[in-house]
Amino acid sequence: MAGIPCTIIITLTDPKLFTLEMAMVVMKQCFRYGNPKIIIKESKIHVTLAYTPRKDMLDRKFGNLPLKYTKLNAISEEEVKLFEMAKQTFSFSLEESSNDEGEPSASS
């Protein structure tokens, strides 16, 4: 999965404490590899990478920063717009399973 390009959409949860400009500087330092394209769109930061970082690596990078992120395999602007529209309209989760087969784990 590391060789698959992805887009990470970052939403700030406390924009007064962690401003968009401050977040841009931090993202530029966090994503120096993979030919990153980091832009601000509608008060969100879009990071486009040539690889797909693992969830645990992103969690380590972001630490306790006041933000939420969504990792997409979509690269084109049109796909990202469609995803954002779907996310606003419908309720769904893109949480990755820790199970190797990608199947949901059984709950007791």
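Any read-out appearing in this document is the output of simple, stated calculations on the displayed coordinates, not a laboratory observation. In this text the structure is predicted, and so the values were computed from the model without any measurement. Because the Cβ atoms are built from the backbone with ideal geometry, glycine has one as well, and the counts that use them run over all protein chains shown.
In sequence order, the stretch 53-63 has phi-based couplings of x, 6, 4, 5, 5, 5, 4, 5, 4, 7, x Hz under the Karplus curve 6.51 cos²θ - 1.76 cosθ + 1.60, θ = phi - 60°, and Gly or Pro positions carry x. Note on S91, S76: ascending count of other Cβ atoms within 10 Å places them as S91, S76, the fewest first. Looking only at the stretch 32-55, which residues have a backbone nitrogen under 12 Å from a spot 7 Å from the Cα of E84 in the C-beta direction? The answer is 39-47. For Y51, the amide hydrogen comes within under 5 Å of the amide hydrogens of C6, counting only partners 5 or more places away or on other chains and with H modelled in the peptide plane. Fewest-first ordering of L20, L72 by other beta carbons within 10 Å of each residue's beta carbon gives L20, L72.
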